[in-house]
Amino acid sequence: MRVLFVASLHHPQELLNEVAQAQAIGQPAPLFPSSMAWRFWDEAMQRRGWQTAVFWRNLPAYGSRSIRRLKALKFSDRLSLGKMARAISNRIPPQIHPDILRRNVFLAEEAARFQPDILWLVGDNRVILPHTLAELKERLGLRVVYASGVSPIVFSHSIERQAARLYDQVYVNDYYHGIQWLELGAPRMECLPIVAIDPIYHVPAQLSEDEQRAYACDVTFVGTLLPLSLYHERVAALEKLARSFRVGIWSIHDLPDSLKPHSRGAALGRQMFRVLSGATISLNTHGDFMRWGGNMRLFESAALGAFQLVDNRPGVATWFTIGEHLDTFINLDDLHDKVAHYLAHPEQRQHMVEAARNHVLACHTYDHRMAQVAAWAEGNNL
């Protein structure tokens, strides 16, 4: 199998740093930074003998095609010149946008060169047009996989929805998102989920004394909190807990004013792994748009030895045993009471941490996910 990823690079400096580190010790340069799940998908594909390449669709079409031109995304409620410029640019329909049209040409050229069996289209696509996908399918005989962790109702661009019938397979984290894609015309979907753990990377870190002090708090949260329209439940949970407990928040994005006193800075990739390794209780509240559940942190926290309290989503009980691997809460008062309970019972937390890590190693690695993808791809004689 030959797979061409079509994705947006959101953490360019992380990738540049990790490429430099790999080259310094004579290892192949990674396609993705370790802050993106596709890094682990790529390596799982390579272990299976598949060949991979990536096309960065968010690289501007004019000028240098170096990823050094990209800047990390940072969500904020504040108005900025950059936001205004993007808003103006986004008003131009992609079908007539000169830069987007040129990027589609570049993708066609890259696909002709690489000759993929599968074009793996990562969600939040605002660049690749339906007619480009249709032409590539006809000319190269490839299949299109669409993989996303977010709701098509909330996040998807019109060109993504218009192309739904062209997706040979849709993979989602949240089962409800998959139903939405079927309603939009996708021929099939699977709630995989598309996130998992890699036993090589997701290992509890041995922290120095300085790190232990830096990461020490009652409740650790790593993730995005803005805009409030998408993460209201997360913010409400953290505000509730911050009144009674020591809360530490790590985010590459801005925080609501109410939670800024609890900011501990950014954590991406391996740094995030270390923060979670030092967590007493890891709070995992899904975004408001994930009603089934299944975000990255659900599996990563378990592998990194962090005890989790998770909002009560149906998918959590599908993938984990509640009370054995982690615990859930049904409202903010329940969350508050369970934080107090588990802080007072470290031996219970530790027992569940060990069970959760053994469970994800046995059932939720990227190789497990890859086996399901391969059953579809190789079974269809691509």
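The values are calculated or read from the model by the stated rules, or taken from the named source; none is laboratory data. Owing to the predicted nature of the structure, the values given are computational and were not obtained by experimental measurement. Note that each Cβ is placed from the backbone with ideal geometry, even for glycine, and that neighbours are counted across all protein chains shown.
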Requested in this report: Considering only the stretch 124-152, state which residues are in a helix (DSSP H, G or I) and of a type in the set (A, V, I, L, M, F, W, C).
Outcome: 133, 134, 136, 140
Report task. Take the residues in the stretch 102-122 that are under 27 Å from the mean Cα position of the chain (by Cα) and among the aliphatic types (A, V, I, L, M), then tell me which one is surrounded by the fewest Cβ atoms within 10 Å (Cβ to Cβ). Result -> 108
Report summary line: Condition set β-branched (Val, Ile, Thr) and within 22 Å of residue 292 (Cα to Cα), scope the stretch 325-369, selection surrounded by the most Cβ atoms within 10 Å (Cβ to Cβ): answer is 360
Report task. Test residue 324 against the stated conditions and say whether it is of a type in the set (Asp, Glu) and closer than 17 Å to residue 194 by Cα. Result -> no
Query raised in the report: Taking residue 379 and the conditions (1) surrounded by 15 or more Cβ atoms within 10 Å (Cβ to Cβ); (2) farther than 25 Å from residue 219 by Cα, which numbered condition does it fall short on, given that it satisfies the others?
Result: (1)
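Could you list all residues from the stretch 153-189 that are of a type in the set (Gly, Ala, Ser) and outside any loop (DSSP other than H, G, I, E, B)?
Those that are of a type in the set (Gly, Ala, Ser) and outside any loop (DSSP other than H, G, I, E, B): 158, 164, 178.
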Report summary line: Taking the stretch 1-26 and keeping only residues that are modelled with pLDDT of 95 or more and assigned to a loop (DSSP other than H, G, I, E, B), one is left with 1, 8, 9, 25, 26
**Report entry** Unique match (being in contact (Cβ under 8 Å) with a residue 24 or more places away in the chain, closer than 18 Å to residue 6 by Cβ and either surrounded by 17 or more Cβ atoms within 10 Å (Cβ to Cβ) or assigned by TED's automatic domain parsing to the domain that holds residue 298 (or both)) among 125, 173
**Finding:** 125
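Within the stretch 150-165, restricting attention to residues that are more than 17 Å from the chain's Cα centre (by Cα) and crowded, with 20+ Cβ neighbours inside 10 Å, which residue is nearest to residue 304 (Cα to Cα)?
First, the residues of the stretch 150-165 that are more than 17 Å from the chain's Cα centre (by Cα): 153, 157-165.
Checking which are crowded, with 20+ Cβ neighbours inside 10 Å leaves us with 159-160, 163-164.
Values: 159: 38, 160: 34, 163: 38, 164: 36 Å.
Going through the qualifying residues, I end up with 160.
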Report task. Being touching a residue at least 40 places away in the same chain (Cβ under 8 Å) and either in contact with a Cys (Cβ under 8 Å, 6 or more places away or on another chain) or aliphatic (A, V, I, L, M) (or both) is the filter here, so list the residues in the stretch 346-376 that pass it. Result -> 352, 353, 356, 360, 361, 370, 373, 374
Report task. Would you mention how many residues in the stretch 274-312 are surrounded by fewer than 20 Cβ atoms within 10 Å (Cβ to Cβ) and hydrophobic (A, V, I, L, M, F, W, C)? Result -> 1
Query - Hey, residue 121 part of a helix (DSSP H, G or I), of a type outside the set (D, E, K, R) and at pLDDT 95 or above or not - result: no
